[in-house]
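Below is one structure; the comments refer to it alone.
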Amino acid sequence: MNILISNTSEKPIYQQIFEQISAQILKGELQGGYSLPPIRQAAVELQVSIITVKKAWEELERSGLIYTVTGKGCFITELSAEEMIQKRHETVLKQMESDIAYYRSFGLRLEEVIELLRTVYE
Amino acid sequence: MIMLDVKNVSKKFEHFQLDNVSFQVPQGYIMGFIGINGAGKTTTIKSILNLITVDSGEIQIMGKNVAIHEAELKQSIGYAFGNVDFYTRSRIRTLTKVVKTFYDNWDDEAYRRYVRKFKLIEDKRIAELSTGMKVKYSLAIALSHGAKLLILDEPTSGLDPAARDDLLDIFRELVQDGEISILFSTHITSDLEKCADYITYIHEGRIVGSAEKDEFIDTYRLVNGKVEELEGIKERLISHRVNSFGFTGLIRADELPPSAAVNVAIPNLEEIMVYYSKKEAAHV
């Protein structure tokens, strides 16, 4: 599991941790059943506060990406191929929503945005 | 469990007062105690240590009143600050021999362990220690008598970034087992962004806010807009400044008018502190 935290980013640190772990899960880099380090240990290792890690783990659990076994810790959920795709879409959609607010602020129409996206993508 | 409970503490001095100060530090977490110089951080800490008598209110440590159980509770408190200014000509070895006699639960083996861990040279005189080493020495003493509540007054002031980072790592390790709590007073707010779980902010002797760190920060917003927009929002701003890019000000998130034509951003601890300190005394 790789996590890089930026202290100068606009994003809260727990959000950065959440996004990086969820991306690794959705790309299949972290497999179902993998156990996450205990919260207090992760805080020391990531050099962040305990509550920051707690919040990131809670966010992952709310998204259904990890689950907690009392007394044992947190594990990555085993997702079927369809669930994986569905969750990936949810994540990408969230990002798109904020991107689209930005395009709208310039008064771009959908066709223009698609055209621009195509240029960048290719 | 609540490790430290400061309840409605007031203390009046000629030119300054602590006014109804209340906050709690839960066991196993780090509380950042912030405020500009003269805001009341050290006076609050002195009240906690029963070094000054409060006019009203109560301070409890592990459920016991500090004013009544002072001697007993001090066995469980460790106090560290940037400057160890007593017995500066004594060697560490000599000073420790004196200090250890004050504590019932002194653990020589733990002391040896921390001396090694912190790379303290026992032959050195206190005056010869760097600021970082002085803090580490205070910590070694605190941890060797089994302190459960560490009160650190500006422990990172005067340290270079590498030494600060080193100390922050130590603080996080100390609370890892969930036993020890740390009250960490500082005006270097960047140290807290990466290590504090909770923030208590004191300004002119009053607690402005005390909450989980992200929640505390989320109470505020930085707003930026055209000078023409300023009049409509000015009353709600904690303080603001105007320049050729318009105005920028700090506002409580719940005071932010939903329709205002302004840019909104999340501030950091330093910005909250800076804008608060600009607030005119008349508004406080």
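The values are calculated or read from the model by the stated rules, or taken from the named source; none is laboratory data. Given the structure is predicted, the values throughout are model-derived calculations rather than measurements. Here Cβ is always computed from backbone atoms with ideal geometry, including for glycine, and neighbour counts include all displayed protein chains. Accessible surface areas use protein heavy atoms only, side chains included; no ligands, DNA or RNA. Shrake-Rupley method; radii C 1.70, N 1.55, O 1.52, S 1.80 Å.
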Can you pull out the residues in segment B:24-42 that are open to solvent by 10 Å² or more (accessible area, probe 1.4 Å), at pLDDT 95 or above and more than 14 Å from every other protein chain (Cβ to nearest Cβ)? B:24
Pairs please, first residue from segment A:26-44 and more than 14 Å from every other protein chain (Cβ to nearest Cβ), second anywhere and open to solvent by less than 30 Å² (accessible area, probe 1.4 Å), Cβ atoms under 6 Å, 6+ apart in sequence or on different chains. A:30/A:24; A:30/A:76; A:32/A:76; A:34/A:76; A:35/A:73; A:36/A:74
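Being within 14 Å of chain B (Cβ to nearest Cβ), among the β-branched types (Val, Ile, Thr) and surrounded by 13 or more Cβ atoms within 10 Å (Cβ to Cβ) narrows it down to one of A:17, A:21, so name that one.
So the residue among A:17, A:21 that is within 14 Å of chain B (Cβ to nearest Cβ), among the β-branched types (Val, Ile, Thr) and surrounded by 13 or more Cβ atoms within 10 Å (Cβ to Cβ) is A:17.
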Members of segment B:156-181 found to be within 23 Å of residue B:37 (Cα to Cα) and more than 11 Å from chain A (Cβ to nearest Cβ), listed by number: B:156, B:157, B:158, B:159, B:160, B:161, B:163, B:164, B:167
Within the set of pairs 6+ apart or on separate chains, which have a first residue in segment A:50-74 that is within 14 Å of chain B (Cβ to nearest Cβ), a second that is open to solvent by 70 Å² or more (accessible area, probe 1.4 Å) and aromatic (Phe, Trp, Tyr), and C-beta atoms under 8 Å apart? none
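From B:237, B:230, B:192, B:256, which residue is more than 11 Å from chain A (Cβ to nearest Cβ) and touching a Leu at 6+ places or on another chain (Cβ under 7 Å)? Lay out the reasoning, then the answer.
On the way: B:230 fails: touching a Leu at 6+ places or on another chain (Cβ under 7 Å); B:192 fails: more than 11 Å from chain A (Cβ to nearest Cβ); B:256 fails: touching a Leu at 6+ places or on another chain (Cβ under 7 Å).
Every option except B:237 fails the conditions.
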The one condition residue B:100 fails out of (1) closer than 24 Å to residue B:156 by Cα; (2) open to solvent by 50 Å² or more (accessible area, probe 1.4 Å); (3) in contact with a Phe, Trp or Tyr (Cβ under 6 Å, 6 or more places away or on another chain) is (1)
Please determine, by comparing only the residues of segment B:239-279 that are under 24 Å from the mean Cα position of the chain (by Cα) and of a type in the set (D, E, K, R), which one is modelled with the lowest pLDDT. B:279
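Taking segment B:138-157 only, how many residues are open to solvent by less than 10 Å² (accessible area, probe 1.4 Å) and out of contact with any strand residue (DSSP E or B) (no Cβ under 7 Å at 6 or more places or on another chain)? Before the answer, list the steps.
Restricting attention to segment B:138-157, the residues satisfying the condition of being open to solvent by less than 10 Å² (accessible area, probe 1.4 Å) are B:139-140, B:142, B:144-145, B:147, B:149-152, B:155-156.
This time we only want the ones that are out of contact with any strand residue (DSSP E or B) (no Cβ under 7 Å at 6 or more places or on another chain), so: B:140, B:144-145.
Here the count works out to 3.
Go through segment B:211-226 and give me each residue that's in a strand (DSSP E or B) and closer than 19 Å to residue A:12 by Cα. Break it down into steps so the answer makes sense when it comes.
Filtering segment B:211-226 down to residues in a strand (DSSP E or B) leaves B:211-212, B:220-225.
Selection gives B:211, B:212, B:220, B:221, B:222, B:223.
Helices (runs of 4 or more DSSP H) wholly in segment B:56-134 with at least 2 residues that are touching a helix residue (DSSP H, G or I) at 6+ places or on another chain (Cβ under 7 Å) and at pLDDT below 95 - which ones? Spell out how you get there, then give the answer.
Values: elements: B:70-74, B:92-99, B:108-117.
Qualifying helices (runs of 4 or more DSSP H): B:92-99, B:108-117.
Kindly indicate which of B:121, B:141, B:151 is touching a residue at least 60 places away in the same chain (Cβ under 8 Å), more than 13 Å from every other protein chain (Cβ to nearest Cβ) and more than 30 Å from residue B:12 (Cα to Cα).
Working: B:121 fails: touching a residue at least 60 places away in the same chain (Cβ under 8 Å); B:151 fails: more than 30 Å from residue B:12 (Cα to Cα).
On inspection, the qualifying residue turns out to be B:141.
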Enumeration of residues in segment B:169-195 that are more than 14 Å from residue B:28 (Cβ to Cβ), of a type outside the set (D, E, K, R) and open to solvent by 10 Å² or more (accessible area, probe 1.4 Å): B:170, B:187, B:188, B:190
Scanning for something of a type outside the set (Ser, Thr, Tyr), over 15 Å from the mean Cα position of the chain (by Cα) and more than 14 Å from chain A (Cβ to nearest Cβ), does segment B:206-223 turn up at least one residue? yes
Residue in segment B:196-205 that is farthest from residue B:17 (Cα to Cα), counting only those that are more than 14 Å from chain A (Cβ to nearest Cβ) and open to solvent by less than 50 Å² (accessible area, probe 1.4 Å): B:200
Looking only at segment B:44-90, filter to residues that are free of Cβ contacts under 8 Å to residues at least 40 places away in the same chain and aliphatic (A, V, I, L, M); which one of those is nearest to residue B:11 (Cα to Cα)? B:51
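Quick one: in segment A:96-112, of everything that is among the aliphatic types (A, V, I, L, M) and more than 25 Å from the chain's Cα centre (by Cα), which residue is least open to solvent (accessible area, probe 1.4 Å)? Outline the logic, then answer.
So in segment A:96-112, the residues among the aliphatic types (A, V, I, L, M) come out as A:96, A:100-101, A:108, A:110.
Imposing the further condition that a residue be more than 25 Å from the chain's Cα centre (by Cα) reduces the set to A:108, A:110.
Numbers: A:108: 58, A:110: 116 Å².
If we take residues in segment A:96-112 being among the aliphatic types (A, V, I, L, M) and more than 25 Å from the chain's Cα centre (by Cα), then A:108 is least open to solvent (accessible area, probe 1.4 Å).
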